[in-house]
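What follows is a short report on a single structure.
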Ligand code: NI
Ligand code: MN
């Protein structure tokens, strides 16, 4: 499993020959100007919630690639009206895709489209694929529901928001990594706007002090599990 960071909460996940994009907000991110969305491959686009900083490039990439959008029922209904194929899910639901299974799990946040219309409830994803399991938290507060995840899934990586203000901050993300029982963390949702800037070295040190490994990738860099 190869995981590429495209800035903010945008990820590319490659499982065998399948390309999955998560929350593409790239063309509107000045820090990601070196990433060309026209060149991104996508068989699936996973969307955690309807906020602009998670959906900006979904329509353009889905229409170009024919990717299937996977998200909550309300977001899928929105994209189906635009002629985009979707796979609707809701909390607690799990589905076997050709790359592995995806479970849509709780996130404590909100989910409105940029025009103010209802974007369902926000979520996160647990992906089990190619013998590697990951949790993509989405925009969320720390929540006890995270403790449900390790009852069923042994995670190899937890992808957690760190920026604070709109989501968990660093201290809560450390607790979240305890809740999901995973000491390998990829941080996201930081630095894009003034409200969510973090001190990278201080963040890494705080995780290290708890014997956890926080990775912060440059935009365009990847890790392999
Ligand atoms: Ni949000
Ligand atoms: Mn966000």
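Data table
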| item | result |
| --- | --- |
| Approximate spin-label separation residue 31-residue 147, in nm, with each point projected 7 Å along Cα-to-Cβ | 3.3 nm |
| Whole-angstrom Cα spans of region 69-115 along principal axes, big to small | 33, 29, 12 |
| Nearest-ten-degree value, helix 200-209 long axis tilted from longest Cα axis of the chain | 60 degrees |
| Additional length obtainable on full extension of the chain from residue 156 to residue 65, 0.36 nm per residue less Cα span | 29.9 nm |
| Amide N proximity, region 81-108 versus residue 131 label position 7 Å along Cα-to-Cβ, cut-off under 16 Å | 100 |
| For region 62-179: rounded, prolate or oblate by the Cα gyration tensor [a/c cutoff 1.5] | oblate |
| Most fluctuating residue given options 188, 144, 91, as computed from a GNM of the chain linking Cα atoms under 10 Å | 144 |
| Kirkwood hydrodynamic radius of the chain, Cα pairs, Å | 17.2 Å |
| Fewest-first sequence of 4, 110 by Cβ atoms within 10 Å of each Cβ | 110, 4 |
| Residue among 90, 31, 16 with the largest mean-square fluctuation in a Gaussian network model of the chain, springs linking Cα atoms under 10 Å | 16 |
| Residue with peak Gaussian network fluctuation, the chain [Cα springs, cutoff 10 Å], from 99, 193, 207 | 193 |
| Relative exposure of 164, 145, judged by other C-beta atoms within 10 Å (fewest first) | 145, 164 |
| Cα long-axis angle, helix 170-179 against the chain (0 to 90 degrees, to the nearest 10) | 80 degrees |
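Read-outs throughout are calculated quantities, based only on the coordinates presented, and are distinct from any laboratory measurement. Everything numeric in this text was worked out from a predicted model, so none of it was measured. Cβ sites come from the backbone with ideal geometry, for glycine too, and all protein chains shown count toward neighbours.
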